[in-house]
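The values are calculated or read from the model by the stated rules, or taken from the named source; none is laboratory data. Given the structure is predicted, the values throughout are model-derived calculations rather than measurements. Here the Cβ is made from the backbone with ideal geometry for all residues, glycine too, and neighbour counts use every protein chain on show. The protein model used for the area step is the full one, side chains on, heavy atoms only, and it has no ligands, DNA or RNA in it. Shrake-Rupley method; radii C 1.70, N 1.55, O 1.52, S 1.80 Å.
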Amino acid sequence: MPWQGLARRFPALGYRDFRLLLADRVLAPGAFAFSLVGVSFAVLDATGSTADLSYVLAAQILPSLVFALVGGVFADRFAPQKVIVAANLMIAAGEGGFGLLVLLGHPQLWQMIALETLSGAGMAVFYPASQALLPRLVPDSVLQEASAMSRMAMNAAQMAGAAIAGVFVAAAGPGWALATCGIGMLGTVPLLLAIRAPGAQRTERSNVLRDLRDGWSAFAARRWLWATTIQYSVVLAAWYGAFDVLGPVVAREHLGGAAAWGLITAADAVGLIIGGVIGLRYTAKRPIRFVVLIGGTVAITPLALASLWPLPLICVAAVGLGIAIEVMMVQWTVTMARNVPPDLLARVSAYDIVGAVGAMPVGALVVGPIAAAVGVSATQYGAAALIVVASALTLLAPEVWRMRAGPAAGTEEPAAEVPTGVPAEAKAA
């Protein structure tokens, strides 16, 4: 089989369940890219209000405050891929329903908010389950490679999807784009159900509250983890408001509309793919310091939009940021998997995502009124400054500088299926 030759060079491909995961991580992000473009322009076409857009986008994030924690508990109890199936079905219903409303008539603001809340709940459940799944599919020796390849597949699909979606929205309208997203998410279900990875082994019975307390204790005991989580709560809130909410406004008024915004999103995805290639082999000696420093570079895209750089320069900035973010995310994923016990990883990841994105709805909600009061550019300049300050303050934590790369002392490599089609020397790599 063709993959057997690749598995000699990339041993992670020798694992059947990982190959199924790669297929899912092509289809799902490719489909969801149609939503990334479609939602913003559906709201702007329906109401013409940046404030309404901020309310709808905030509705995607608010469910993370509850559903990510619940998803973390379930992903530590059951097979994570089945939790992801439930998440993808929620996204399919939310985005597909939104698309249907747009195609049938003039959607009301409350309907758009309700459907994006459903999609947001699915996204919230997905993240902790996704973090817990990969380390159960491959051994630690190929975990970084598998993480980088998985993320490259996701980003390549998002790049292609975003580029197509920008043109698709301009030609056919956002309703069809959202409907396409819903159909694509349904297509991921058979792939995920074919994965055989079991759930975590439990030796004693517990309830949801106890599981949440155990997860919180593990999260709070790691200062490097909660310090960077606080940093990224500020960084992502500022970036989300300045880029994701106000970015389409700048694109519509100054850069050429939906097609321009699709190009910017695609440029970011190009950077993510390049970063994934680098992430296959690059390991930061002090990964948490690296993560914190990359957080400061997130200011570049709000700054580019605020300064009304030409579209090609904005795309270059998006590519550069995408490279940095993707290398950082591979380091973060591997560091988490190596320094958090497998039976706690989904719950700890849930607290991470709740903390990191918990302020994003605030960013989305306040950026519209602030932009209306002081102007879009001034708001984006302020967001860029806030990102830099938050990142600089996080560097003051000693634990950020101390942690070094490599497996944590005393950790055991989780069991994984035996790879197929890989020679003995590759299996031992």
Inset, instruction - Give me the pairs, please: first residue somewhere in region 31-55 and of a type outside the set (A, V, I, L, M, F, W, C), second residue anywhere and outside any helix (DSSP H, G or I), beta-carbon distance under 9 Å, and either six or more positions apart or on two chains. - result: GLY38/GLY173; ASP45/GLY173; THR50/LEU246; SER54/LEU246; TYR55/SER49
Legend entry - Residue within region 222-236 that is of a type in the set (A, V, I, L, M), at pLDDT below 85 and part of a helix (DSSP H, G or I) present: no
Legend entry - When residues of region 152-165 are limited to those that are crowded, with 24+ Cβ neighbours inside 10 Å and either modelled with pLDDT of 80 or more or hydrophobic (A, V, I, L, M, F, W, C) (or both), the one nearest to the chain's Cα centre (by Cα): MET154
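Do you know which residues across region 28-54 are surrounded by fewer than 23 Cβ atoms within 10 Å (Cβ to Cβ) and within 17 Å of ILE91 (Cβ to Cβ)?
Answer for region 28-54, where residues must be surrounded by fewer than 23 Cβ atoms within 10 Å (Cβ to Cβ) and within 17 Å of ILE91 (Cβ to Cβ): just LEU36.
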Inset, instruction - Take region 353-381 and flag every residue that is over 15 Å from ASP244 (Cα atoms) and under 24 Å from the mean Cα position of the chain (by Cα). - result: ILE353, VAL354, GLY355, ALA356, GLY358
Inset, instruction - Could you please let me know if ARG25 is at pLDDT 80 or above and touching a helix residue (DSSP H, G or I) at 6+ places or on another chain (Cβ under 9 Å)? - result: yes
Legend entry - Residue that is modelled with pLDDT under 90 and surrounded by fewer than 22 Cβ atoms within 10 Å (Cβ to Cβ), where the choices are PRO312, PRO369: PRO369
Legend entry - ALA251 being closer than 24 Å to MET329 by Cα, in contact with a helix residue (DSSP H, G or I) (Cβ under 8 Å, 6 or more places away or on another chain) and assigned to a helix (DSSP H, G or I): no
Inset, instruction - Please work out if ARG25 is closer than 24 Å to MET149 by Cα, open to solvent by less than 30 Å² (accessible area, probe 1.4 Å), in contact (Cβ under 8 Å) with a residue 40 or more places away in the chain and not aliphatic (A, V, I, L, M). - result: yes
Inset, instruction - Among the candidates LEU280, LEU193, single out the residue that is touching a Lys or Arg at 6+ places or on another chain (Cβ under 8 Å) and either under 26 Å from LEU133 (Cα atoms) or in contact (Cβ under 8 Å) with a residue 60 or more places away in the chain (or both). - result: LEU193
Legend entry - When residues of region 282-309 are limited to those that are in a loop (DSSP other than H, G, I, E, B) and at pLDDT 90 or above, the one farthest from ALA33 (Cα to Cα): TRP309
Inset, instruction - May I ask you to verify whether ARG136 is in contact with an Asp or Glu (Cβ under 8 Å, 6 or more places away or on another chain), touching a residue at least 24 places away in the same chain (Cβ under 8 Å) and open to solvent by 30 Å² or more (accessible area, probe 1.4 Å)? - result: no
Inset, instruction - Identify the residue in region 190-221 that is open to solvent by 100 Å² or more (accessible area, probe 1.4 Å) and in a loop (DSSP other than H, G, I, E, B) and, among all such residues, is modelled with the lowest pLDDT. - result: THR203
Inset, instruction - Among residues belonging to region 166-183 that are modelled with pLDDT of 90 or more and of a type in the set (Val, Ile, Thr), point out the one that is least open to solvent (accessible area, probe 1.4 Å). - result: THR180
Inset, instruction - Would you be able to tell me the number of residues in region 271-281 that are open to solvent by 10 Å² or more (accessible area, probe 1.4 Å) and at pLDDT 85 or above? - result: 3
Inset, instruction - Could you tell me which numbered condition ARG289 fails, if it satisfies all but one of (1) in contact with a Gly (Cβ under 9 Å, 6 or more places away or on another chain); (2) surrounded by fewer than 24 Cβ atoms within 10 Å (Cβ to Cβ); (3) over 22 Å from ALA359 (Cβ atoms)? - result: (1)
Inset, instruction - Among residues belonging to region 56-67 that are touching a residue at least 60 places away in the same chain (Cβ under 8 Å) and in a helix (DSSP H, G or I), point out the one that is farthest from the chain's Cα centre (by Cα). - result: VAL56
Inset, instruction - Find the residue count for region 4-15, including only residues that are touching a helix residue (DSSP H, G or I) at 6+ places or on another chain (Cβ under 9 Å), open to solvent by 10 Å² or more (accessible area, probe 1.4 Å) and assigned to a helix (DSSP H, G or I). - result: 6
